[in-house]
Each structure stands twice: as structure tokens, then as C-alpha cells.
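Take a look at the structure below.
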Amino acid sequence: MIAPLHRQTIYELSAALGRRDLSAQTVTQTLLDRASTLRRLNAFIELWPERALTRAERLDKEGPRNDRPLWGVPLAHKDMFARPDRQPGCGVASEFTEARLPPSPVLAELDQAGAIDLGPLNLAEFALGTTGTNAVFGNVANPWDVARCTGASSSGSAAAVAAGLAFGSLGTDTGASVRVPASFCGVVGLMPTAGALDATGCFPLAWSLDAIGVLARTVADCALLFDVARGGEVIPSATSSSRLTIGLPDRYYTDGLDAEVASAWADAVRALEARGHKVVDVPVIEREEMRSLHRILMRTEAAAVHHRLLRQRPGDYSLAARKFITGGEGIFAVDYVNAMRARGMMLRRALETTYAKIDVLLTPTVAGLPARYDEIADPSRPDVWRSVTRLAQFTQPASYLGLPAVSVPFSLSSGGLPIGMQFIAPPGAERRLFSASLGLEAHWKGLNVWPPFAA
Amino acid sequence: MPDDFEASVRDVVAMRLARVGREVLPDELDGAAAEAALLFVQSMRFSDELTPADSPAEFVSIVKRAAVS
């Protein structure tokens with residue numbers, strides 16, 4: 001049976017478009033209609049129907065070409081990227097800066113490949129946040145349970161892809177922002193190796209940590225978007241015949257672990273072994289210390305980026321953002337410089353201690369399940385603060401070390417919420433991540449589930 | 001962490017923010033001082049382990065050298 005159009009993969013859709021069974025205009029209109037119907041998810045900041053349909057019409061006239069692997073495929077991206085005719089909104093109310101960013105070359109690559117841009121997606125204010133809240137544009141609703149958070153800061157990206165409002169999305173990941181929302185919304189989210197995707201034209205949160213990431217519904221689609229975005233050759237996703245040695249961290253990754261996540265992690269190990277992968281325990285280096293070093297870099301750089309704007313226009317910032325940024329203004333210069341210097345030392349140590357023995361490391365993406373928005377409404381409460389900061393505890397180390405990592409959906413909780421697993425690999429080993437992910441994706445696909453609030 | 005240490009960091013942070021010349025809410029200042037003090041303490045052990053050969057450039061170099069083709 002053929003899946004409804006919005007549930008198809010990019011590969012399935014491209015095949016139908018290539019045969020001219022479908023037009024780019026039909027596909028685009030279908031997704032625009034869905035985005036309008038599912039407005040309550042609040043995934044989009046703006047929809048661009050005229051612009052998207054005009055582009056689809058032009059593509060239909062030109063016809064598909066083999067050298068345009070995303071011909072007629074509707075995508076939508078986090079509102080952090082500059083386009084030739086539009087500066088990013090960054091999830092805040094006003095045009096906050098006179099600085100003009102150059103157009104994003106990554107968006108240009110997708111455009112060149114024939115993709116259609118449906119409009120900018122919602123996100124955490126200035127990408128500062130891990131839950132999915134936005135005081136200006138409203139919270140993004142999780143398509144699996146609209147009362148629950150999506151994870152952030154690429155909240156709109158994860159919700160739109162999960163709900164079939166776009167076939168893929170670019171996000172940004174400074175410590176969690178692609179992988180956590182991908183895990184909470186049941187999609188694949190890749191943070192590539194530091195510098196693998198050109199961050200020009202992307203508004204920074206913390207430039208030494210920021211990575212452009214990719215979200216899609218399948219591993220193969222994610223790999224395709226990554227290949228196109230970096231302007232390289234499109235390499236078909238690895239097959240399940242690749243046998244990998246997969247490491248399980250010998251410490252640090254059980255703190256505060258939800259029982260259902262722990263159980264899913266054990267099931268994931270069994271699923272990988274059943275597919276012929278070898279799973280071994282492996283020593284890992286100090287997670288909490290790396291989180292501290294990560295915080296020093298992220299807060300100081302965010303404070304530097306916003307230093308002048310915050311002084312000139314404090315009213316454009318929420319209190320939470322002001323507190324975060326002010327925290328960075330107080331960090332000592334020598335601590336920042338040493339956190340930068342320690343990065344090489346820690347990476348060397350991680351490569352020798354952990355990654356010399358394995359192909360990839362497997363951890364849960366998040367220790368818990370997505371919370372209800374009403375449970376985390378008051379971040380000044382210590383228990384809320386602890387639960388929110390805990391969201392990034394398993395994802396920050398890869399960001400600090402510049403290592404590629406992917407979150408792949410694996411199972412559903414008893415309450416019907418997605419649980420994602422994270423693979424981390426040495427620099428440049430995105431292919432290994434995709435190979436490993438296929439082993440868990442098979443289990444997820446076997447569940448044959450779709451978000452109930454995006455039916 | 002001793003209270004007087006956090007208090008002294010608070011003074012330094014308050015002085016810096018005063019120099020910036022914008023109004024700072026009390027809880028903003030407290031949060032900034034507590035964060036700075038905590039991260040200062042946590043970063044100390046790394047400072048002890050670093051050698052003159054450790055530099056930000058070294059990180060980029062290792063990423064390139066270690067890259068899996």
C-alpha cells in the first residue's frame with residue numbers, strides 16, 4: 001500500500017516526482033494545506049504559500065533532473081538562517097540588529113538541488129533553550145502529545161518533520177538543539193562534525209560550538225540532506241551488512257535515567273546485537289567536567305554576541321535570556337581561554353580512551369521523557385531548573401568535543417512518547433552513524449506509528 | 001564553595017556590569033555571580049592539567065587529523 005503523500009520518505013517522493021506521477025505543485029500544496037490545518041502545533045513562524053507555489057510551478061516547467069536530488073521536495077528550516085532577501089528572525093519580536101548576515105551557503109545548496117522552502121520555523125528565543133518554549137511566538141506543541149514539550153531549540157524543525165509538514169529541516173545544535181527535539185518528536189537528528197557544514201549566514205549562539213544540523217524522518221533521508229547541504233557527492237546510505245563495534249559507556253550515563261528510557265536502551269543493545277553488531281563496554285572521560293567547560297564557552301560567547309544589543313535594547317529579551325547571557329558576562333577571561341585550550345586535550349583523551357576501541361558510542365539521547373509544558377512553566381523552581389538542565393546532559397559532551405552525533409527514534413514509552421538513542425562517532429565518521437542508526441530504525445519502522453496529533 | 005568567595009565574585013561581576021552601563025535586575029546579578037563562581041572553581045583543575053602546548057588551534061588540528069575518511 002502506498003503511504004499518504006505527507007508520510008512518504010524523500011526517496012519515495014523523489015521517485016514519484018521523477019516519474020511525473022506527482023507534480024511539485026501538488027506536493028507543495030498538500031503540505032501547505034497540512035501546515036494550515038495543523039496550526040495548533042505552532043511549528044511555523046511564517047508560511048510562504050505564494051513563494052513556495054511559484055517555485056514549484058517553475059520547477060514543474062523545468063522538469064526533474066538527475067543532478068537535482070531534492071527536485072520538488074518541500075523543506076522548512078529553523079529561523080536562524082539568512083536568505084538573499086530575508087534576515088533570520090531568531091524567534092524574537094523585532095528586527096533586533098542592523099547587522100546583515102550573508103546568505104547561508106547551506107540553504108543555497110538545498111535550493112540548487114531543487115528543494116522548495118515552505119517558510120521559517122519556530123524555535124527558542126535566539127536558540128537559547130532546551131524545552132520548546134517561546135514567549136513571543138508561543139510554545140511548539142509536540143505532535144505525539146500537544147501538552148508536552150518538543151525539546152529545543154530546533155523545536156519547530158522537529159515538530160514539522162514529525163507531523164509531515166516538511167520532508168526535512170535544517171536546525172542548529174550548540175549542545176542539544178537538534179538531537180533533543182529529534183528524540184522527543186520521533187525523528188532522526190544529525191549534528192555533524194564541527195565545521196562540516198558551513199555556518200556562514202547562520203545567527204550564532206556560541207560560534208565555537210554551533211553546528212548546522214539536519215532533521216528528517218528516516219536515516220537515509222537525513223544522510224541525503226547532509227550530503228546535499230555540504231555540497232558533496234550524494235552517497236547512498238550504508239546497508240545493514242556493515243558490522244560495527246558499538247561502545248556502551250562504563251559510567252556517567254545512568255544518572256537520573258528514567259526507567260522506560262533505561263529499558264529502551266537495553267532493548268536497543270539487543271536489537272543491535274541481533275543485527276550482527278558487536279557491543280562492548282568502553283571507558284569514557286569526565287562527562288560533568290566537559291559540561292562545565294561547554295557552559296563556559298557557550299555562555300561567554302553568547303554574552304559576547306549579545307553584549308551591545310542587550311545594553312541597547314534589553315526589552316527585546318525575556319528575563320530568562322537576560323539571565324543566561326548575564327551569566328556569561330561574569331565569567332573570567334582566563335577561564336574562557338582555558339576552556340578553549342582544554343578542548344584539544346579532552347578530545348585527544350576521548351579519542352584514545354574511548355574511540356580507539358570502538359566505531360561508535362551508544363547512549364540514550366535524553367535521560368527522561370518530554371515533560372508537560374505546565375510542569376516546567378516556572379523555571380525559577382529548583383526542581384524545574386534541574387529537570388530542564390538535565391535535558392542536555394548526554395548531548396553536551398559531543399558538542400564540546402566537536403564529534404558528530406545522531407539521535408535516532410527507537411521505541412515508544414507506555415504513554416506513547418518517542419524514545420531516541422544517540423550514537424557518537426570520531427570526527428568525520430557520519431557514515432558510521434548512519435550505518436549504526438539503521439539497526440535501530442528497523443525497530444522503529446516495525447512499530448508503524450505516527451504522531452496522533454498529526455493524523 | 002565558600003560564601004565569601006561567591007560574594008567576591010558577585011562584587012567583580014557587579015562592577016563589570018556597572019561598567020557596561022545597563023540596568024541589571026538583582027536576580028540576574030545573583031545568577032551571574034553564582035554561575036561565574038561555580039565555573040571558576042570547576043575550571044581550576046583543567047588549568048592545572050594544561051601545558052603550554054595546549055591551544056585552541058590544537059583542537060582544530062586534532063579534528064582534522066582524526067577525521068575518518
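The values are calculated or read from the model by the stated rules, or taken from the named source; none is laboratory data. All figures in this text were calculated on a predicted structure; none of them were measured in a lab. Don't worry about glycine lacking a Cβ; one is built from the backbone with ideal geometry, like all the others, and counts go over all protein chains shown. All accessible areas refer to the heavy atoms of the entire protein, side chains included, with ligands and DNA or RNA removed. Shrake-Rupley method; radii C 1.70, N 1.55, O 1.52, S 1.80 Å.
Determine, yes or no, whether A:P74 is of a type outside the set (A, V, I, L, M, F, W, C), surrounded by 24 or more Cβ atoms within 10 Å (Cβ to Cβ), over 23 Å from A:A321 (Cβ atoms) and in contact with a helix residue (DSSP H, G or I) (Cβ under 7 Å, 6 or more places away or on another chain). The answer is yes for A:P74.
Here's the yes/no breakdown for (1) closer than 26 Å to A:L31 by Cβ; (2) open to solvent by 10 Å² or more (accessible area, probe 1.4 Å):
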{"site": "A:A162", "(1), (2)": "yes, no"}
{"site": "A:S169", "(1), (2)": "yes, no"}
{"site": "A:M191", "(1), (2)": "yes, no"}
{"site": "A:F203", "(1), (2)": "yes, yes"}
{"site": "A:W207", "(1), (2)": "no, yes"}
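Scan region A:28-51 for residues that are part of a helix (DSSP H, G or I), out of contact with any His (no Cβ under 9 Å at 6 or more places or on another chain) and either farther than 16 Å from A:D117 by Cβ or in contact (Cβ under 8 Å) with a residue 40 or more places away in the chain (or both) and the total you get is 10.
Report yes if A:A182 is within 17 Å of the chain's Cα centre (by Cα), within 14 Å of chain B (Cβ to nearest Cβ) and open to solvent by less than 20 Å² (accessible area, probe 1.4 Å), otherwise no. So A:A182 does not fit the description; no. Residue by residue through region A:191-202, note down the ones that are of a type in the set (A, V, I, L, M, F, W, C) and touching a Gly at 6+ places or on another chain (Cβ under 9 Å). Scanning region A:191-202 gives A:M191, A:A194, A:A196, A:L197. Give the residues of region A:241-261 that are modelled with pLDDT under 90, polar (S, T, N, Q) and more than 24 Å from the chain's Cα centre (by Cα), sorted by residue number. The answer is A:S241, A:S242. Of the residues screened, A:D281 is one that is in a strand (DSSP E or B), more than 25 Å from A:A82 (Cα to Cα) and either open to solvent by 30 Å² or more (accessible area, probe 1.4 Å) or at pLDDT 95 or above (or both). The requirement of being part of a loop (DSSP other than H, G, I, E, B) and within 30 Å of A:A108 (Cβ to Cβ) is fulfilled nowhere in region A:242-256; no residue meets it. The residues on offer are A:M290, A:M346, and the sole one that is more than 9 Å from chain B (Cβ to nearest Cβ), surrounded by 21 or more Cβ atoms within 10 Å (Cβ to Cβ), within 22 Å of A:P426 (Cα to Cα) and hydrophobic (A, V, I, L, M, F, W, C) is A:M290.
The residue list A:R372, A:R390 contains one member that is surrounded by fewer than 17 Cβ atoms within 10 Å (Cβ to Cβ), within 21 Å of A:W144 (Cα to Cα) and in contact (Cβ under 8 Å) with a residue 40 or more places away in the chain, which is A:R372.
The residues in region A:268-278 that are in a helix (DSSP H, G or I), open to solvent by less than 50 Å² (accessible area, probe 1.4 Å) and touching a strand residue (DSSP E or B) at 6+ places or on another chain (Cβ under 7 Å) can be counted, and the count is 3.
Scanning region B:45-69 for residues that are open to solvent by 80 Å² or more (accessible area, probe 1.4 Å) and either more than 8 Å from chain A (Cβ to nearest Cβ) or farther than 17 Å from A:Y336 by Cβ (or both) returns B:D48, B:P52, B:K64, B:R65, B:S69. Report yes if some residue within region A:299-317 is facing chain B (nearest Cβ under 10 Å), among the aromatic types (F, W, Y) and under 18 Å from B:L29 (Cα atoms); otherwise report no. No, because not a single residue in region A:299-317 is facing chain B (nearest Cβ under 10 Å), among the aromatic types (F, W, Y) and under 18 Å from B:L29 (Cα atoms). Each residue in region A:418-452 was checked for being among the hydrophobic types (A, V, I, L, M, F, W, C), surrounded by 21 or more Cβ atoms within 10 Å (Cβ to Cβ) and outside any helix (DSSP H, G or I), and 6 of them qualify.
Scanning region A:213-240 for residues that are β-branched (V, I, T), at pLDDT 95 or above and either touching a Ser or Thr at 6+ places or on another chain (Cβ under 9 Å) or under 21 Å from A:T395 (Cβ atoms) (or both) gives A:V214, A:T218, A:V219. In region A:251-269, the residues that are within 22 Å of A:A436 (Cα to Cα) reach residues that are at pLDDT 95 or above and in a helix (DSSP H, G or I) with C-beta atoms within less than 7 angstrom, at least six apart or across chains, in these pairs: A:A268/A:L440.
Residues that are under 19 Å from A:R55 (Cα atoms), assigned to a loop (DSSP other than H, G, I, E, B) and out of contact with any Cys (no Cβ under 7 Å at 6 or more places or on another chain) were ranked within region A:103-143; the one that is most open to solvent (accessible area, probe 1.4 Å) is A:P103. Among the conditions (1) in contact with a Leu (Cβ under 6 Å, 6 or more places away or on another chain); (2) more than 11 Å from chain B (Cβ to nearest Cβ), A:R341 misses just one, which is (2).
The residue pairs whose first member lies in region B:19-44 and is within 7 Å of chain A (Cβ to nearest Cβ), whose second member is open to solvent by 60 Å² or more (accessible area, probe 1.4 Å) and at pLDDT 75 or above, and whose beta carbons are closer than 6 Å, counting only pairs six or more residues apart or on different chains, are B:V20/A:R311; B:R22/A:R311; B:E28/A:K323; B:G31/A:K323. Listed by position, the helices (runs of 4 or more DSSP H) inside region A:293-406 whose residues that are among the hydroxyl-bearing types (S, T, Y) number at least 2 are A:382-390, A:396-401.
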